[in-house]
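Coordinate-derived values only; no laboratory data. The structure displayed is predicted, hence computed values, not measured ones. Here the Cβ positions follow ideal geometry from the backbone for every residue, glycine too, while neighbour counts run over all protein chains shown.
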Amino acid sequence: MADPTTLTIQTVTSAGVELTFTDADTTNGNRWLNTGKQYLEIVNTGASSAVVTVTSQLTMDSLAIADREITVAAGERFHGIFARTDIYNDSSGYTVLTVSGDGAADIKYAVFA
């Protein structure tokens, strides 16, 4: 499998911003360089739900911390911040997302700070 597709972090100013959404890479996943201060917005533009998995990178006392699974219903949005970089960031500082389910092809992401 190739590296996940990197999402561009968009900057929000006092003038506002119109976010640009990126289609989910249903083959390789997506990632962003996470400082713990950016927001992730997930949009499902389709008619079926999908599950976005945020990969956990942390093991404590020989126990792996479970991945975070976010179910996004048809036509719905999710907003979140992943401040615990010790849990969600890989060794290069990226948080990795994968998507599954009937609505996977209709998922779009935006990351902003």
Compute, for the chain, the length of the dipole vector about the Cα centre, with Cβ point charges of +1 (Lys, Arg) and -1 (Asp, Glu) only. Units Debye, rounded to 20.
260
Between T6 and N28, with labels modelled 7 Å along Cα→Cβ, what's the label distance in nm to one decimal, could you check?
1.1
May I ask you to sort S14, S48 by Cβ crowding, counting other Cβ atoms within 10 Å and putting the fewest first?
S14, S48
With a ≥ b ≥ c from the Cα gyration tensor eigenvalues, square-rooted, and the rule rounded for a/c under 1.5, otherwise prolate when a/b > b/c and oblate otherwise, the chain is oblate
Quick check on the chain: helices-only [θ] at 222 nm, where DSSP H runs of length 4 and up contribute -39,500 (n - 2.57) each and the sum goes over total residues. Nearest 500, please.
-500 deg cm²/dmol
Residues T55, T27, T13 in order from fewest to most other beta-carbon atoms within 10 Å are T13, T27, T55
Please work out how much length the chain gains when fully extended from S91 to E69, using 0.36 nm per residue of separation minus the C-alpha to C-alpha distance, in nm with one decimal.
5.8 nm
Between region 51-65 and region 1-46, how many Å separate their Cα centres?
21
Tell me the relative contact order for the chain as a rounded percent, counting alpha carbon contacts under 8 Å between residues six or more apart.
42
Fewest-first ordering of L63, L97, L19 by Cβ atoms within 10 Å yields L63, L19, L97
